[in-house]
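Novice: Before I ask anything, here is the structure I am working with.
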């Protein structure tokens, strides 16, 4: 199994024009553990997630993957060379809200495409690896289907398989179930639970409090760009001390059951 990565986020700030989206964020993500980012919409969760693999440029602070700064040559210095950034990103898998599958390719071809283009793998080897990844997410019987012949949950599982096939050391999930019908959410969460049980380092932006409660090793709550609290699920979701977290969970419980 590929060794799991650690992430260290130190005093990270992010602006969109004059809007201060992330404010001095400090967060440690241990290797082989699951960290869930929760909070109201617009709180900075997705921005923080995307700063981890430098899909969003942070304006100050540091993001370190296994002790190596990502995005910049030195803290506050010039941008990292594209080749070096690609090399660091090659160890990070990311799953988005939308599935982003090629409509003209089968599920197996979609998963194999990155292995061929990014890893330079020969097609027969890539297709074999893709088959293994699809089997891992429970889609062994759907490899020859095009996206139009798959449900939303199945398409998201193909997207997860595509990321897993690259043997990442770290997986980032940006609200992976938000585009799914409610009855399809469970199948995607079950795949994520299996990855977590296998020791994958995972950072998950989610509104699924049940998943955070039962799978996360730590939960980080953000509001208005600030990291309000970080704790184990049993405390932060059941007995939060901060009134902002209490208010958020009270609103959630009015509609759901944790």
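The values are calculated or read from the model by the stated rules, or taken from the named source; none is laboratory data. Quick caveat, the model's predicted, so the values are computed rather than measured. Ideal geometry is used to build each Cβ from the backbone, glycine not excepted, and the neighbour counts take in all protein chains shown.
Novice: One residue is enough: does region 219-235 have a residue meeting the conditions part of a loop (DSSP other than H, G, I, E, B) and under 22 Å from residue 56 (Cβ atoms)?
Specialist: To start, the set of residues in region 219-235 that are part of a loop (DSSP other than H, G, I, E, B) comprises 224-225, 232.
Keeping just the survivors that are under 22 Å from residue 56 (Cβ atoms) gives 224-225.
For region 219-235, residues part of a loop (DSSP other than H, G, I, E, B) and under 22 Å from residue 56 (Cβ atoms): present.
Novice: A further question on this structure: Within region 66-110, count every residue that is more than 18 Å from residue 202 (Cβ to Cβ) and assigned to a loop (DSSP other than H, G, I, E, B).
Specialist: Pass one, region 66-110, residues more than 18 Å from residue 202 (Cβ to Cβ): 67-69, 71-87, 98-110.
Retained after the next criterion (residues that are assigned to a loop (DSSP other than H, G, I, E, B)): 67, 71, 73-78, 80-81, 98-106.
Going through region 66-110 one residue at a time, the tally reaches 19.
Novice: Out of the residues in region 36-56 that are part of a loop (DSSP other than H, G, I, E, B) and touching a helix residue (DSSP H, G or I) at 6+ places or on another chain (Cβ under 8 Å), state the one that is surrounded by the most Cβ atoms within 10 Å (Cβ to Cβ).
Specialist: 39
Novice: Among the residues of region 20-35, are any touching a strand residue (DSSP E or B) at 6+ places or on another chain (Cβ under 7 Å), assigned to a loop (DSSP other than H, G, I, E, B), in the same structural domain as residue 215 (by TED's automatic domain parsing) and at positive phi?
Specialist: Checked against the condition, which is being touching a strand residue (DSSP E or B) at 6+ places or on another chain (Cβ under 7 Å), assigned to a loop (DSSP other than H, G, I, E, B), in the same structural domain as residue 215 (by TED's automatic domain parsing) and at positive phi, region 20-35 yields at least one hit.
Novice: Pick out the one residue from 183, 132 that is assigned by TED's automatic domain parsing to the domain that holds residue 5, surrounded by fewer than 18 Cβ atoms within 10 Å (Cβ to Cβ) and not in a loop (DSSP other than H, G, I, E, B). Let's see the steps before the verdict.
Specialist: Values: 132 fails: assigned by TED's automatic domain parsing to the domain that holds residue 5.
Exactly one of 183, 132 is assigned by TED's automatic domain parsing to the domain that holds residue 5, surrounded by fewer than 18 Cβ atoms within 10 Å (Cβ to Cβ) and not in a loop (DSSP other than H, G, I, E, B), namely 183.
Novice: Looking at region 188-206, is at least one residue surrounded by 23 or more Cβ atoms within 10 Å (Cβ to Cβ) and part of a loop (DSSP other than H, G, I, E, B)?
Specialist: Yes, there is a match, as at least one residue in region 188-206 is surrounded by 23 or more Cβ atoms within 10 Å (Cβ to Cβ) and part of a loop (DSSP other than H, G, I, E, B).
Novice: From the list 67, 61, pick out the single residue that is loosely packed, with under 12 Cβ neighbours inside 10 Å and either closer than 25 Å to residue 225 by Cβ or in contact (Cβ under 8 Å) with a residue 12 or more places away in the chain (or both). Before the answer, list the steps.
Specialist: Details: 61 fails: loosely packed, with under 12 Cβ neighbours inside 10 Å.
Testing whether each residue is loosely packed, with under 12 Cβ neighbours inside 10 Å and either closer than 25 Å to residue 225 by Cβ or in contact (Cβ under 8 Å) with a residue 12 or more places away in the chain (or both) leaves just 67.
Novice: Within region 230-243, track down each residue that is crowded, with 18+ Cβ neighbours inside 10 Å and touching a strand residue (DSSP E or B) at 6+ places or on another chain (Cβ under 6 Å).
Specialist: Listed by number, the residues that qualify are 233, 236.
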